[in-house]
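The values are calculated or read from the model by the stated rules, or taken from the named source; none is laboratory data. What you see is a predicted model; the values in this text were computed from it and never measured. Cβ atoms come from the backbone with ideal geometry, glycine included; neighbour counts cover every protein chain shown.
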Amino acid sequence: RRKATSDQAEIEARLESLITRVGEKSTSSLESNLEGLAGVLEADLSNYKHKILEILCICAIELPEKVTVYTTLVGLLNTKNYSAGEELVDMLIKQMRDYMKHNEWEKSQRIVRFLSDLINCHVVELSSLLVLYQSFLDASNEEGVPQVRADFFVYAVLSSLPWSGEELSESKGPDLDKLLDRIDKYISLLSNALQHALPPFTPPPHTDECVYPIPRVVFRLFDATDIPEGPALPGSNTINRYLVEDCLSRILQVYLDRKDCAAQLVGFHAKNRFPYHYMIIEVVFSSLFNLPDPANLEVFHASLLLELCKLQPGFLPQVLAQATEMLYERVEHMNLTCMERFIRWFSHHLSNFQFRWSWDEWIDCTEKEPEDAKPVFIHEVLQKCLRLSYHQRLVETLPDKFEPLIPKEPTPVFRYIDEETNQIPALPISRKLIEAFKAKATMEQVEEILNQIPGPKKEDNSGEVEEAANPLKIDVFVQSLLFLGQKSFSHTFSALAKFHPLLKKLGNTEESQIFMLRTIRDLWQNHQQMICVIIDKLIRTTIVSCPAVINWIFSEHMRVHFTEGFVWEILHGVLRKMNMEVTQLQKELEDVKHKKSDEEDGETSGEEYAVSNTASESQVEKLQESYEAAQSEQKNLFLIILQRFIILLTEHIVSCESKGTSFQTPWYNLSIQRLEQIFTLHHKQVSKYTGTLENLLFSSDTDQNLLQVYHRFCSLRA
Amino acid sequence: NMTEQEKRLRLSSTLYIGNLSFFTTEEQIHELFSKCGDIKRIIMGLDKVKKTPCGFCFLEFYRREDAKHALMYISGTRLDDRIIRGDWDAGFVEGRQYGRG
């Protein structure tokens with residue numbers, strides 16, 4: 001019996017491999033491979049019908065770039081075994097409904113496309129496909145459903161028409177006739193087959209739980225004039241451009257291994273008919289710049305582009321350089337979130353090519369106003385390059401004229417070092433502290449030195465005297481400690497860990513935590529990465545709170561940095577940590593609840609049951625509490641950020657208007673995009689709070705410019 | 001014990017990164033790999049005698065998924081002009097940072 005099962009598993013694995021790999025490199029033609037495979041499958045249908053149909057169903061969804069290969073295979077099978085064809089069609093319809101119910105819209109769309117192509121193989125009746133399309137269009141006509149739902153159903157039909165349109169339209173041009181003649185010989189084999197009617201299908205109704213695909217922007221980088229020679233690039237709005245883009249972008253979604261993906265892209269079957277290097281680059285950038293999130297993991301794009309350059313060193317680096325040049329020229333008009341992805345990709349890419357670039361051609365940017373888009377872009381790129389390299393290297397690599405744009409050397413700016421004048425208060429304390437740190441003094445000894453600084457006292461309501469936040473104390477201690485730990489992140493982290501209790505004590509209010517953050521920025525003002533990682537550490541070790549960091553970012557002290565990239569790296573880092581905590585707690589809570597209900601359903605009886613039940617009861621309660629606390633903390637953070645934005649931007653607008661100047665300054669344009677970015681990058685979280693936001697922040701009193709940003713965000717789901 | 005070791009490897013979020021330049025700093029490694037996710041800690045491999053970096057490090061992520069992406073998308077690319085290589089590690093134990101230099 002065991003032998004039989006393992007034989008069966010082996011055959012099933014072999015079938016899967018045969019089916020999934022058909023159409024890959026082979027010495028014989030695809031047609032003969034498919035006929036051969038259909039013969040093999042026909043023989044196995046009697047014993048393995050369900051498995052075979054299941055594999056075909058998976059291929060239809062997971063290997064969409066081979067859609068025509070599998071529809072042809074199904075066509076061949078259908079001529080040999082009519083009931084198998086019928087079962088497969090039923091299976092696909094059922095699968096499509098399930099996907100729709102589970103908000104997997106894209107997968108359901110792939111099935112529509114597969115069914116559409118099945119009319120070409122005489123598996124599905126033309127008229128029943130029309131009925132299916134009709135039901136989709138009916139669904140898009142329903143009243144009281146969001147636009148995004150209607151969009152989906154219309155798009156699903158439209159994007160299937162390239163497969164079924166010719167057959168559906170009766171006007172076949174002479175070109176099409178020629179093409180059909182060639183295919184006819186092969187297809188004539190299928191033409192006598194009996195066809196199936198699609199089972200009746202009604203899309204599942206709209207409910208509040210439905211989450212539809214977010215509206216997408218069609219991304220076009222190149223046009224025909226950008227391409228010097230070879231086959232012409234199809235126009236931006238042509239079906240050909242759409243189809244090639246569609247195939248290439250699906251390869252990006254399916255092949256997550258960078259080497260496989262690069263090989264599939266350059267091996268694209270129709271490559272000789274298109275300037276495919278250009279189309280590959282366009283598709284990779286389209287995925288990277290997709291909003292709100294990149295279509296793939298962000299780092300995947302950099303990695304894939306490196307692989308593509310390695311695979312086709314004679315072509316791809318040039319096309320990529322041309323694309324980069326075009327993006328740079330348009331950087332002024334680029335969405336800020338996309339620009340940041342561009343900066344991260346470009347600096348990462350450069351670090352793999354010794355930072356070599358035709359820098360001289362960009363020298364014009366050094367003559368522009370420093371707040372212009374191009375110099376800002378270059379400066380941010382160099383900030384990132386510095387982190388992946390070192391200062392001297394950049395100075396040596398870049399033309400001299402770039403000097404003003406190269407970040408300063410990332411060394412600490414220590415306040416307590418002026419040996420000459422001794423004018424700095426608390427300088428002796430700092431020296432004593434450093435000696436004590438070096439002598440590995442205890443926490444008490446260090447605190448004793450620190451207490452030589454008199455602190456401002458304040459009386460609270462009860463008349464008791466308590467120590468107020470003491471900026472000088474915080475400054476001397478934190479600067480001296482971090483100055484001594486400057487050698488590396490590890491040194492800094494271990495210094496922070498060693499004095500964790502003292503840091504907690506010094507930063508016992510939000511006000512004192514903000515002092516601490518100021519001190520850190522002053523010390524490391526030329527080392528943005530250091531500021532980012534220290535703050536990350538301080539949040540994780542609960543020395544500073546998330547609201548303290550946010551309020552520090554919006555404070556007067558940080559006004560000079562407000563539009564710089566690293567500030568937003570910190571802010572989005574704070575939100576990401578918060579979001580992850582909420583997600584983690586939610587998952588734990590669901591797991592525990594799930595386990596509990598399993599136990600209740602299970603056969604556990606008597607005492608054992610009672611004990612485990614009460615244990616999980618309190619566990620659930622505790623988790624529920626932490627989850628709700630984290631959730632309200634998260635909501636609070638978003639409210640603080642949005643409120644601070646509204647105050648800041650409204651003040652700016654009002655003050656410009658009173659002076660009679662335009663409020664649309666470079667600062668404003670960057671800052672309002674930062675507001676927009678909060679919605680873009682955290683759309684899933686913020687969309688939960690729209691009710692509160694409309695009541696508290698984005699009401700009819702709010703400035704129109706800010707309201708617009710909010711309404712654009714809402715329309716993503718409307 | 002082989003199975004114990006295998007088990008730890010399967011659950012690990014730690015990578016061994018090799019072929020680093022002796023001059024590559026923790027900061028550079030942090031910047032490159034944090035493209036895949038938040039990093040918990042980096043332990044630089046040190047020369048047993050001189051206590052200077054000697055071309056490898058241990059890199060621990062908070063999440064295993066992120067370490068997997070680091071292997072897929074960073075390992076085999078360049079840092080400081082050298083092609084660096086990553087592999088799963090069963091987890092850092094004190095003493096393992098000292099290499100032969």
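Can you tell me which condition A:LEU696 does not meet? The list is (1) surrounded by fewer than 16 Cβ atoms within 10 Å (Cβ to Cβ); (2) in contact with a Pro (Cβ under 8 Å, 6 or more places away or on another chain); (3) hydrophobic (A, V, I, L, M, F, W, C), and all the others hold.
(2)
Name every residue in the stretch B:76-96 that is more than 9 Å from chain A (Cβ to nearest Cβ), buried (at least 19 other Cβ atoms within 10 Å of the Cβ) and not in a strand (DSSP E or B), in order of residue number. If you could, list the steps in order and put the result at the bottom.
Our first condition is that a residue be more than 9 Å from chain A (Cβ to nearest Cβ); within the stretch B:76-96, this holds for B:82-96.
Okay, now just the ones that are also buried (at least 19 other Cβ atoms within 10 Å of the Cβ), so B:84, B:86, B:89.
Residue satisfying the conditions is B:ILE84 alone.
Is it fair to say A:TYR689 is among the aromatic types (Phe, Trp, Tyr), in contact with a Lys or Arg (Cβ under 8 Å, 6 or more places away or on another chain) and surrounded by 13 or more Cβ atoms within 10 Å (Cβ to Cβ)? Talk me through it step by step, then tell me what you get.
On the way: among the aromatic types (Phe, Trp, Tyr): yes; in contact with a Lys or Arg (Cβ under 8 Å, 6 or more places away or on another chain): yes; surrounded by 13 or more Cβ atoms within 10 Å (Cβ to Cβ): yes.
Judged against the criteria, A:TYR689 is a match.
Are any residues in the stretch A:384-437 within 14 Å of chain B (Cβ to nearest Cβ), within 20 Å of A:SER488 (Cα to Cα) and exposed (fewer than 15 other Cβ atoms within 10 Å of the Cβ), and if so, which ones?
Taking the stretch A:384-437 and keeping what is within 14 Å of chain B (Cβ to nearest Cβ), we get A:384-394, A:396-397, A:407, A:409-412.
If we keep only those that are within 20 Å of A:SER488 (Cα to Cα) as well, we get A:384-393, A:407, A:409-412.
Matches in the stretch A:384-437: A:GLN392, A:GLU409, A:THR411.
Could you name every one of the helices (runs of 4 or more DSSP H) located completely within the stretch A:112-171 that has at least 3 residues being hydrophobic (A, V, I, L, M, F, W, C) and under 20 Å from A:LEU243 (Cβ atoms)?
Values: elements: A:126-141, A:147-158, A:161-168.
Counting at least 3 such residues, we get A:147-158, A:161-168.
Here is a check on your reading of the model: is A:PHE483 surrounded by 21 or more Cβ atoms within 10 Å (Cβ to Cβ) and either under 19 Å from A:ARG431 (Cβ atoms) or within 14 Å of chain B (Cβ to nearest Cβ) (or both)? Steps first, answer last, please.
Working: surrounded by 21 or more Cβ atoms within 10 Å (Cβ to Cβ): yes; either under 19 Å from A:ARG431 (Cβ atoms) or within 14 Å of chain B (Cβ to nearest Cβ) (or both): yes.
In short, yes.
Would you check if there is a residue in the stretch A:35-57 being charged (D, E, K, R), in contact with a Lys or Arg (Cβ under 9 Å, 6 or more places away or on another chain) and over 27 Å from A:ARG250 (Cβ atoms)? Steps first, answer last, please.
Our first condition is that a residue be charged (D, E, K, R); within the stretch A:35-57, this holds for A:35, A:42, A:44, A:49, A:51, A:54.
If we keep only those that are in contact with a Lys or Arg (Cβ under 9 Å, 6 or more places away or on another chain) too, we end up with A:42, A:44.
If we keep only those that are over 27 Å from A:ARG250 (Cβ atoms) too, we end up with A:42, A:44.
So far as the stretch A:35-57 goes, yes, one or more of its residues are charged (D, E, K, R), in contact with a Lys or Arg (Cβ under 9 Å, 6 or more places away or on another chain) and over 27 Å from A:ARG250 (Cβ atoms).
Among (1) modelled with pLDDT under 95; (2) within 25 Å of A:HIS527 (Cα to Cα); (3) in a loop (DSSP other than H, G, I, E, B), where does A:GLN354 come up short?
Exception for A:GLN354: condition (1).
Suppose the filter is within 14 Å of another protein chain (Cβ to nearest Cβ), surrounded by 17 or more Cβ atoms within 10 Å (Cβ to Cβ), not in a helix (DSSP H, G or I) and not aromatic (Phe, Trp, Tyr); does A:ASN296 pass it? It would help to see each step written out before you state the result.
Working: within 14 Å of another protein chain (Cβ to nearest Cβ): yes; surrounded by 17 or more Cβ atoms within 10 Å (Cβ to Cβ): yes; not in a helix (DSSP H, G or I): yes; not aromatic (Phe, Trp, Tyr): yes.
For A:ASN296, the condition - within 14 Å of another protein chain (Cβ to nearest Cβ), surrounded by 17 or more Cβ atoms within 10 Å (Cβ to Cβ), not in a helix (DSSP H, G or I) and not aromatic (Phe, Trp, Tyr) - is met.
Suppose we filter the stretch A:555-601 for residues that are touching a residue at least 12 places away in the same chain (Cβ under 8 Å), of a type in the set (A, V, I, L, M) and within 30 Å of A:GLN383 (Cα to Cα); how many remain?
Of the residues in that region, 7 qualify.
Every residue in the stretch A:446-460 that is part of a loop (DSSP other than H, G, I, E, B) and at pLDDT below 80, please.
Just the residues of the stretch A:446-460 that are part of a loop (DSSP other than H, G, I, E, B), to begin with: A:451-456, A:460.
A:PRO454, A:GLY455, A:PRO456, A:ASP460 - these are the residues of the stretch A:446-460 that are part of a loop (DSSP other than H, G, I, E, B) and at pLDDT below 80.
Filter the stretch B:42-58 down to residues that are within 14 Å of B:TYR16 (Cβ to Cβ) and within 12 Å of chain A (Cβ to nearest Cβ) and give me whichever is surrounded by the most Cβ atoms within 10 Å (Cβ to Cβ).
Top of the filtered list is B:CYS57.
Would you be able to tell me the number of residues in the stretch A:486-506 that are within 14 Å of chain B (Cβ to nearest Cβ) and more than 18 Å from A:ARG431 (Cβ to Cβ)? First the steps, then the outcome.
Initially, the stretch A:486-506 is screened for residues within 14 Å of chain B (Cβ to nearest Cβ), giving A:486-494, A:496-497.
Then keep just the ones that are more than 18 Å from A:ARG431 (Cβ to Cβ); that gives A:487-494, A:496-497.
The number of residues fulfilling the criteria is 10.
Please find, within the stretch A:361-380, the residue that is farthest from A:TYR668 (Cα to Cα) out of those that are aliphatic (A, V, I, L, M) and surrounded by fewer than 21 Cβ atoms within 10 Å (Cβ to Cβ). Quick ask: steps written out before the conclusion?
Of the stretch A:361-380, the ones aliphatic (A, V, I, L, M) are A:363, A:373, A:376, A:378.
Filter once more, so that each one left must be surrounded by fewer than 21 Cβ atoms within 10 Å (Cβ to Cβ): A:363, A:373.
Numbers: A:ILE363: 26, A:ALA373: 13 Å.
Among them, the one singled out is A:ILE363.
Of all residues in the stretch B:19-40, count the ones that are facing chain A (nearest Cβ under 8 Å) and assigned to a strand (DSSP E or B).
The number of residues fulfilling the criteria is 0.
List, please: which pairs have Cβ atoms under 9 Å, are six or more places apart or on different chains, and start with a residue in the stretch A:249-273 that is within 14 Å of another protein chain (Cβ to nearest Cβ) and end with one that is acidic (Asp, Glu) and outside any loop (DSSP other than H, G, I, E, B)?
A:ARG258/A:GLU307; A:LYS259/A:GLU307; A:CYS261/A:GLU307; A:ALA262/A:GLU307
Filter the helices (runs of 4 or more DSSP H) completely within the stretch A:515-607 down to those with at least 1 residues that are more than 21 Å from the chain's Cα centre (by Cα) and of a type in the set (D, E, K, R).
On the way: elements: A:528-540, A:546-553, A:565-601.
Fully inside the stretch A:515-607 and qualifying: A:528-540, A:565-601.
Return the residues of the stretch B:59-74 that are buried (at least 18 other Cβ atoms within 10 Å of the Cβ) and hydroxyl-bearing (Ser, Thr, Tyr); say none if nothing qualifies.
Within the stretch B:59-74, B:TYR73 is the sole residue that qualifies.
From A:THR541, A:THR509, grab the single residue that is of a type in the set (Ser, Thr, Tyr), out of contact with any strand residue (DSSP E or B) (no Cβ under 7 Å at 6 or more places or on another chain) and either within 14 Å of chain B (Cβ to nearest Cβ) or within 23 Å of B:GLU31 (Cα to Cα) (or both). Walk me through it before giving the result.
Working: A:THR509 fails: either within 14 Å of chain B (Cβ to nearest Cβ) or within 23 Å of B:GLU31 (Cα to Cα) (or both).
Exactly one residue qualifies, and that residue is A:THR541.
Residues of the stretch A:347-368 being under 16 Å from B:ASP81 (Cα atoms) and either within 14 Å of another protein chain (Cβ to nearest Cβ) or over 30 Å from the mean Cα position of the chain (by Cα) (or both), which ones?
From the stretch A:347-368, those under 16 Å from B:ASP81 (Cα atoms) are A:347-357; that's our starting set.
Residues satisfying the conditions are A:SER347, A:HIS348, A:HIS349, A:LEU350, A:SER351, A:ASN352, A:PHE353, A:GLN354, A:PHE355, A:ARG356.
Only one of these conditions is not met by A:SER662: (1) in contact with a helix residue (DSSP H, G or I) (Cβ under 7 Å, 6 or more places away or on another chain); (2) among the polar types (S, T, N, Q); (3) part of a helix (DSSP H, G or I); (4) surrounded by fewer than 16 Cβ atoms within 10 Å (Cβ to Cβ). Which number is it?
(3)
How many residues are within 23 Å of B:TYR98 (Cβ to Cβ) and not in a strand (DSSP E or B) if we restrict to the stretch B:41-66?
5
In the stretch A:240-293, what residues are out of contact with any Cys (no Cβ under 9 Å at 6 or more places or on another chain), buried (at least 20 other Cβ atoms within 10 Å of the Cβ) and outside any helix (DSSP H, G or I)?
The answer is A:PHE274, A:PRO275.
Looking at A:LEU158, A:LEU63, which one is surrounded by fewer than 22 Cβ atoms within 10 Å (Cβ to Cβ) and closer than 30 Å to A:SER715 by Cα? Break it down into steps so the answer makes sense when it comes.
Numbers: A:LEU63 fails: closer than 30 Å to A:SER715 by Cα.
When all the criteria are applied, what remains is A:LEU158.
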